[in-house]
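These notes are about the structure you will find just below.
The values are calculated or read from the model by the stated rules, or taken from the named source; none is laboratory data. What you see is a predicted model; the values in this text were computed from it and never measured. Note that each Cβ is placed from the backbone with ideal geometry, even for glycine, and that neighbours are counted across all protein chains shown.
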Number of protein chains: 2
Amino acid sequence: MPSSKVIRNVRPLGAAAVDVLVSDGKIAALLPAGSADPGLPTLVDGQGQLLLPAFVESHTHFDKSLWNTPWRPNSAGPTRNHRISNEHTVLKDFKVPMAERAGPLIEHCITRGSLYFRSHLDTQTIWGIQHVEAMLALREKYQHLIDLQLVAFPQGGMLIAPGTVELMQQALDLGVDVVGGIDPAGIDRDPIRHLTTIFELATRYQRGIDIHLHDLGELGRWEIERICDMTEEMGLQGQVLISHGYSLGAFPPVELFALADRLAELNISVMTCAPPAVTVPPVAMLRSRGVNVCSGSDGIRDAWSPMGNGDMLERAMLIALRFGWSKDEDLAMAFDVVTQGGARALNIADYGLEVGNAANLLLLPAENLAEAVVNRPLQRTVISRGQVVARDGVFCGPLIGR
Amino acid sequence: MPSSKVIRNVRPLGAAAVDVLVSDGKIAALLPAGSADPGLPTLVDGQGQLLLPAFVESHTHFDKSLWNTPWRPNSAGPTRNHRISNEHTVLKDFKVPMAERAGPLIEHCITRGSLYFRSHLDTQTIWGIQHVEAMLALREKYQHLIDLQLVAFPQGGMLIAPGTVELMQQALDLGVDVVGGIDPAGIDRDPIRHLTTIFELATRYQRGIDIHLHDLGELGRWEIERICDMTEEMGLQGQVLISHGYSLGAFPPVELFALADRLAELNISVMTCAPPAVTVPPVAMLRSRGVNVCSGSDGIRDAWSPMGNGDMLERAMLIALRFGWSKDEDLAMAFDVVTQGGARALNIADYGLEVGNAANLLLLPAENLAEAVVNRPLQRTVISRGQVVARDGVFCGPLIGR
């Protein structure tokens, strides 16, 4: 293997130390530490650090972030509809173009160890096609470093905003990957027609669905049941992700076993950021019934809230804190949610530390996964496709055409 | 002022830049930036950073931390009583003495910007007086750097563990500051006798009370009412702090207005760490009715949970997240809880950025309080009594007798 490099002396997920041979951007071999050919070039001397797969940021909104701009006090009113209209006001005449906000944010997320992303992309008539085009251009700029899935997301409603469906089709035609949706009842006020529309779009374009579902309590649960019905009817098993799904936290977990089993059977994933101020899906119960759970940062420093920093290791800590977890196996479960859970939800084929997978890796100093989640060290070495792209919080990935 | 030094060009709480004259460990003057005598020695060139009062860590358990020792998987069972007995098992034969765990933890907390602390101190017959003596020795070691209040805390119950009251008296005789208590109903199973005992101790020793109250729902609320009764009867207004008070989060805030008004009238403070997995006191409502609220880290890397890092700026973020706050004024409220709220609860006289107060200060790069809470930068310069004791996470305070 003439083009191989070696990551020396790292502990995969906390196991015994190995040397990792990396070739053509992939993991070529895992050898006992110290046994790799000393003549091969060293990619990183790991010094016994943890070796982890790069994080999967399964839910964010790069297009609306105010990252890399001066602090802006939040000006939104109290309801979801206030926040939507406030966002229009804030972004309409915003001086800094999206690329200068989202680009640095992507680089920041890379420094924290994320290399796989799903970003919702506001597909609203108020923006026309410009937001979509700007985000597609940004994806092209970073495509040699990250995997970025985009969702045509009708943030302002779909049926209530005529022209939105056509714009979503245009976005899908241009290369946006996933069909989005939002609160078929709470925002769009016609749940069956909303769901029928997005499922038909997904079928026609052969794409997945990622639906924002904030609707609470019985209403949200009823909508999840309808999403199950349509997933089954349309044969979209394994292609549907429910984002937020707050209603799943509104009932004693035992009352949700049947619904969880149905989600598992249809391979519908659930994304939760585990926010503490609202009911959230019971992650451990869902996983115990076979439902795949992933996580994301949601908004990062945007007009909805200034919170968020794109650190999926901090997100794992927040998930653990949300459920009062303190055991090593539970902290490792939180870690799994932000890694393998994301890879399963986003259908990433070559993910993980096995030979043959993409060498999208993260090294950090910790004894094991539990300590990594608790300590969240910022000394992180990030490797994308076999190349070091960030060290200790500093982005050093090569940029093409800059 | 021959012994004066200057902190140049800092913005108090985000206001216009000033130079701060520090003399004899106190804030001697605040002058417009650039106007302090250039001949005076510079303590720190602030370069426009925020100037903040040092944090008040109002609730932690230094004595039980496993800080500075190798990772230890949590071995506790599911209930509070399991955790108490598990802690005995873990600490009984622990190889590293308390001073080598709590000492480095105190130094770590200083690097994060805390200089005022209230630490509960397990006062249990299983430990005899050794834990008390070890913690008092540690306080002496750091007394030139920090203000540390200690609470005689009957972690394992008081009435149910004969000999505990006598041990608490012994601790108070030796210089422990505050009378502790714990779940008069849930743990000690005789609420009135428990409360009577600790209120009598407080009266006899002329000390304050700090009671752990995890009891939930109606039970906890009823106990808070009894604490109000006794505070009034014994004339201990301004001397009582209720820690956790989870039950205050079990009711719609409007149902608690009368109780909140009573807490305010009796000047009883409430401490919350704002954990997401349990109901918590409604901070904004309590403050709006005049109740003082403070916060703390609770356990830091101990046998109860490996979570916690003693960072009160992160705690402010977690408080904001707990309640879904995103407005600048709400983020500033979270900041106030971990600073002025603590100073009021702990009756710290010379606290804050006004002239004449102790020069216990923190500098960090942020535009304003809101951004500080969201970003939690680790570049922090910590000044204790006019002396730099930590920079960028590295403790550099002088240690006496080391």
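Only residues that are free of Cβ contacts under 8 Å to residues at least 60 places away in the same chain and not in a loop (DSSP other than H, G, I, E, B) were counted in region B:361-394, giving 5.
Consider residue B:86 carefully, then state whether it is at pLDDT below 95 and either on the phi < 0 side of the Ramachandran plot or outside the structural domain of residue B:359 (by TED's automatic domain parsing) (or both). When the stated conditions are applied, residue B:86 passes them.
Residues of region A:380-391 that are of a type in the set (D, E, K, R) and either within 12 Å of another protein chain (Cβ to nearest Cβ) or surrounded by 17 or more Cβ atoms within 10 Å (Cβ to Cβ) (or both): A:380, A:385. Scoring residue B:118 on the criteria (1) closer than 21 Å to residue B:201 by Cα; (2) part of a loop (DSSP other than H, G, I, E, B) leaves a single failure, condition (2). Checked against the criterion of being touching a Lys or Arg at 6+ places or on another chain (Cβ under 7 Å) and farther than 23 Å from residue B:184 by Cα, the candidates B:42, B:89 yield just one match: B:42. Being within 14 Å of chain A (Cβ to nearest Cβ), farther than 21 Å from residue A:317 by Cβ, surrounded by fewer than 18 Cβ atoms within 10 Å (Cβ to Cβ) and in contact with a Leu (Cβ under 8 Å, 6 or more places away or on another chain) narrows it down to one of B:377, B:365, so name that one. Matching residue, one of B:377, B:365: B:365. Against the test of being within 23 Å of the chain's Cα centre (by Cα) and of a type in the set (D, E, K, R), the options A:190, A:229, A:183 yield a single qualifying residue, A:183. Counting only helices (runs of 4 or more DSSP H) that sit wholly inside region B:211-308, those with at least 2 residues that are out of contact with any helix residue (DSSP H, G or I) (no Cβ under 6 Å at 6 or more places or on another chain), within 18 Å of residue B:179 (Cα to Cα) and not β-branched (Val, Ile, Thr) are B:217-234.
Scanning region A:66-82 for residues that are closer than 22 Å to residue B:375 by Cα and either of a type in the set (Ser, Thr, Tyr) or under 23 Å from the mean Cα position of the chain (by Cα) (or both) yields A:66, A:67, A:68, A:69, A:75. The listed residues are B:37, B:63, and the only one of them that is more than 29 Å from residue B:212 (Cβ to Cβ) and among the acidic types (Asp, Glu) turns out to be B:37.
Could you grab the pairs with beta carbons closer than 9 Å, sequence gap of 6+ or different chains, first residue in region B:146-173 and in a helix (DSSP H, G or I), second one aromatic (Phe, Trp, Tyr)? The qualifying pairs are B:167/B:127; B:168/B:153; B:169/B:205; B:172/B:205; B:173/B:205. Residues in region A:318-347 that are among the small types (Gly, Ala, Ser) and more than 19 Å from residue A:249 (Cβ to Cβ) were compared, and the one that is surrounded by the fewest Cβ atoms within 10 Å (Cβ to Cβ) is A:332. Suppose the filter is buried (at least 21 other Cβ atoms within 10 Å of the Cβ) and either over 18 Å from residue B:213 (Cβ atoms) or more than 8 Å from chain A (Cβ to nearest Cβ) (or both); does residue B:315 pass it? Yes.
Scanning region B:69-102 for residues that are assigned to a loop (DSSP other than H, G, I, E, B), within 13 Å of chain A (Cβ to nearest Cβ) and surrounded by fewer than 19 Cβ atoms within 10 Å (Cβ to Cβ) turns up B:69, B:70, B:71, B:72, B:73, B:75, B:77, B:78, B:79. When region A:5-24 is filtered for residues that are closer than 17 Å to residue A:386 by Cβ and either loosely packed, with under 14 Cβ neighbours inside 10 Å or at pLDDT below 95 (or both), only A:24 remains.
Checked against the criteria, residue A:308 does not count as at the interface with chain B (Cβ under 10 Å from one of its Cβ atoms), small (Gly, Ala, Ser), over 21 Å from residue A:374 (Cα atoms) and in contact with a strand residue (DSSP E or B) (Cβ under 8 Å, 6 or more places away or on another chain). Examine region A:344-360 for a residue that is within 25 Å of residue A:102 (Cα to Cα) and touching a helix residue (DSSP H, G or I) at 6+ places or on another chain (Cβ under 9 Å), and state whether such a residue exists. Yes, region A:344-360 contains a residue that is within 25 Å of residue A:102 (Cα to Cα) and touching a helix residue (DSSP H, G or I) at 6+ places or on another chain (Cβ under 9 Å).
Filter region B:51-68 for residues that are in a loop (DSSP other than H, G, I, E, B) and more than 14 Å from chain A (Cβ to nearest Cβ); which is surrounded by the fewest Cβ atoms within 10 Å (Cβ to Cβ)? Filtering region B:51-68 for residues that are in a loop (DSSP other than H, G, I, E, B) and more than 14 Å from chain A (Cβ to nearest Cβ), the one surrounded by the fewest Cβ atoms within 10 Å (Cβ to Cβ) comes out as B:61. Out of curiosity, is residue B:56 modelled with pLDDT of 95 or more and hydrophobic (A, V, I, L, M, F, W, C)? Against the criterion (modelled with pLDDT of 95 or more and hydrophobic (A, V, I, L, M, F, W, C)), residue B:56 qualifies. Assess whether residue A:110 counts as being away from chain B (no Cβ under 14 Å) and either in a loop (DSSP other than H, G, I, E, B) or buried (at least 22 other Cβ atoms within 10 Å of the Cβ) (or both). Answer is yes for this residue. Of all residues in region A:325-350, those being in a loop (DSSP other than H, G, I, E, B) and touching a Ser or Thr at 6+ places or on another chain (Cβ under 8 Å) number 3. Just one of the numbered conditions (1) within 23 Å of residue A:305 (Cα to Cα); (2) within 12 Å of another protein chain (Cβ to nearest Cβ) is not true of residue B:287: (2). Close contacts from region B:324-348, counting a first residue that is away from every other protein chain (no Cβ under 14 Å) and under 13 Å from residue B:52 (Cβ atoms) and a second that is of a type outside the set (A, V, I, L, M) and surrounded by fewer than 20 Cβ atoms within 10 Å (Cβ to Cβ), with Cβ to Cβ under 8 Å and a gap of 6+ residues or different chains, come to B:340/B:352; B:343/B:352. Against the test of being of a type in the set (Val, Ile, Thr) and more than 28 Å from residue A:285 (Cα to Cα), the options A:198, A:227 yield a single qualifying residue, A:198. Here residue A:38 meets the list (1) under 31 Å from the mean Cα position of the chain (by Cα); (2) part of a loop (DSSP other than H, G, I, E, B) almost entirely, failing just condition (1). Would you mind telling me which numbered condition in (1) away from chain B (no Cβ under 14 Å); (2) part of a strand (DSSP E or B) residue A:48 fails? Here residue A:48 clears every test but (1).
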